[in-house]
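We did not get these values from a lab; they are worked out from the coordinates using the rules stated. Remember, predicted model here, so these are calculated numbers, not experimental data.
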Amino acid sequence: MVRDTDNLGPAGTGETGTGVWPYVGVGCLTAVVGLVGGGMIAVLLSKIVGAIRHCAPDADTGAPCGWSTYWTWGARIGLILLPTIVLWRVRKARTASRNSE
């Protein structure tokens, strides 16, 4: 069983340890944000494409034409891209911090 205190660095520094758990936490959080954010950006893109193509939106909901296809692809891209970029930056910052000590 992993306790919250198992991942802390030396006493008094306020830094996390070098284990995998900080990466898992950040990766899972940004995966959810990337999924939803990528989908919403893609739906906005579908709205713009629909306006350019003069596609009539759904009368009941106002949803743009083909929004589900756009949302699916945007969500997939966001799910992969956002955690990848964030974890790359976190790892880069940690490596730079270790090298400066």
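Values computed for the structure shown
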| quantity | calculated |
| --- | --- |
| J(HN,Hα) series, the range 88-93, from Karplus relation 6.51 cos²θ - 1.76 cosθ + 1.60, nearest Hz, glycine and proline x | 4, 5, 5, 5, 5, 5 |
| Under Karplus coefficients 6.51, -1.76 and 1.60, residue-wise ³J(HN,Hα) of the range 24-38 in Hz, glycine/proline x | 5, x, 5, x, 5, 5, 6, 5, 5, 5, x, 4, 6, x, x |
